[in-house]
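What follows is calculated from the coordinates using simple rules that are stated; it is not laboratory data. In this text the structure is predicted, and so the values were computed from the model without any measurement. As a convention, Cβ positions derive from the backbone with ideal geometry for all residues, glycine included, and neighbour counts pool all protein chains shown.
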Amino acid sequence: MFLLLVLLAELGRLHAQMDSEGIFLHVTIPWKIRSNESEGTKNQVTYIITIDEKPYTLHLTKRSFLSQNFLVYTFKETGSLHPDSSYFKRHCHYQGYFADFPNSVATLSICSGLSGFLQFENITYGIEPLESSARFEHIIYQVKNDNPGIPVLAENYSSIRQNDQPYKVYLSSQKNTLSKLLPQYLEMHIIVENALYDYMGSEMMAVTQKIIQIIGLVNTMFTQFKLTVILSSLELWSDKNQISTNGDAHDLLKRFLAWKRDYLILRPHDITFLLIYRKHPKYMGATFAGTICNKSYDADIAMYTDAITLEGFSVIIAQLLGLKIGLTYDDINKCSCPRAACIMNHEVVGSSGVKVFSNCSMRDYRYFVSKFDGKCLQNFPNLQPFYQNQSMCGNGILELNEECDCGSEEECQFKKCCDHNTCKLKGSVECSSGPCCTSECEIAVAGTPCRKSIDQECDFTEYCNGTSSNCVPDTYALNGHLCRLRTAYCYNGQCQTTDNQCANIFGKGAQGAPFACFEEVNSLRYRIGNCGFKNSQPLPCEPKDVLCGKLACVWPHKNTYKSNIQSAVYSYTQGHVCISITTGSSDGSRSDGRDYAYVADGTVCGAQMYCENKTCKEINLMGYNCNSTTKCQGNGARARL
């Protein structure tokens, strides 16, 4: 009788933990198959799990997606931020599949029993340990997803990429310039607002586990792209929200972006998600599409409602991330996903089972990474020592003692070059991947272009060296090198002029405005003209810095500027119609972290002067020390790595 009461109590606890998202099936005891690896270093493990009275063999591989410096932040009663990492294990997360079911996915934490999700072609199961059990008993439940009937985004959601001409051309053309996929990493900071914190259990450990399960599911989806979503830190607004979360999701996103610029400086991330609970939202999220690596737009909003499960919520986050990295929603008449639901399908939030990116999404992503610079995705994150000190064949990452690693058997696109089982090159082949590896698995001859110049004067085309499958390091002219007939400076590989910046924002014909326009706009303490913000308040520009604040352009057209991304303000000065953006950037192609609405660093602001951080500085502070006559024999510009 006592054991029955204990079991009923545990089932009651788990039912509450499942948030009513599952149908209880039965209790099972997973059987672990022994391996030769020691317990402390197990990279791969196998279990036999019974589901609906049928045994399944589950193969798991360690898949770390938590930063080694992962912290959970909460706010004390005094309002101070409190980081904590003491209660959480970081090396417990595995991803795998069921034998004889190639179209299956599992994402589990295995340190204190098995906890997570088991996905087949059109059905998903959850598994959780019975903590009071002495026999390693677990509960298996079927996850039931209902279609919430709520669009993920508003019909006029902000798509910066779709409004710039190069991307329009891409969407309507044959996408035949594609990039081979290399491992990339997206570091994410997540904030859980107060209402969702309470909805998920109102307890730090329980909420943290659910967020990690969500990101685990997200990672199973992005494996196709060799993109690992790293949860770098988590912030729980357990007592009260730090900003108002009322109102329209898109307005909230703009408000959140303004807040985070001042308050998230010390939490490293490529993107921040604010997760909100709404009982009846109009739509499930907000994003600026195509803006990955642009610090002016490095945030998204995702809304959780009663109608969805953790699995469904992971799809919403995956769709928002997909839009962020250049994907578009699938046309069901042109895009396909064999034996699985397509992630970028509008209706997929309500489906159960394995979800994959369509052939259209794969093409979108390959094109995006080949055409738009996403340097933030190329930073190798500070993961567990497991990744740093040991190699794991089949994870798609070239590590110690590996000659190649093309991913799992299903993922490997270089089967004639690389043995996916041993991570050794086949036969006498020289390489298996990289921009300097040919389709015949040979290293390209020296002098083969491998990285195009993005600026004729300030950036250089790189060439294969004939000995490596990787391109040589990116090089460009030293900051301060003169360009544009000696009227401008090179800065981070680009010739920085207000003419170029204005044309990029407002289109052909727009030019940098005269000094009088800058002076009029940037001398005011308003959001439409300033030299930055402090405590969310705009700072007026000092007289010497007016050419380094908000960008002012000459508007050459008779019609007004039209955009669904941002609004503009006009002024009439010295016979010129001048225009500036009121709030944010207009184009997500910028990946250097600056806001496109401001004058770019490196732009001339006077004789022997340049802009940096919205301040006009003397050119000698740029550190340019190259005399091309003496150091390059007058034949070129000194390069910088």
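When its C-alpha radius of gyration is set against 2.2 N^0.38 Å (N residues), segment 158-378 gives a value of 0.99. Straight Cα distances below 28 angstrom link residue 32 to the lysines 42, 54, 62, 89, 144, 210, 355, with same-chain residues fewer than 8 positions distant left out.
Among the trypsin sites (Lys or Arg not before Pro) in segment 249-351, those located in a DSSP loop and surrounded by at most 16 other Cβ atoms within 10 Å of their own Cβ are 279, 282, 334, 339. Annotation: aspartates and glutamates with alpha-carbon distance below 17 angstrom to residue 371 (same-chain offsets under eight excluded): 164, 455, 459, 462, 474, 587, 592.
A DSSP coil position with no more than 11 other Cβ atoms inside 10 Å describes the following GluC sites (Glu not before Pro) in segment 428-504: 440. Mean silhouette area of segment 476-622, derived from the convex hull of its C-alpha atoms and averaged over all directions, reads 8.9 nm². The modelled label-to-label distance for the pair residue 430/residue 206, using points 7 Å beyond Cα in the direction of Cβ, is 6.0 nm. Taking 18 Å as the limit for the C-alpha separation, the pairs 226/324; 544/617; 260/544 exceed it in the case of 260/544. For segment 226-297, a Kirkwood hydrodynamic radius built from all Cα pairs, placed in the Stokes-Einstein relation at 25 °C and 0.890 mPa s, yields a translational diffusion coefficient of 178 µm²/s. Straight-line cross-link partners of residue 334 among the aspartates and glutamates, defined as a Cα under 19 Å from its Cα and at least 8 positions apart when in the same chain: 347, 364.
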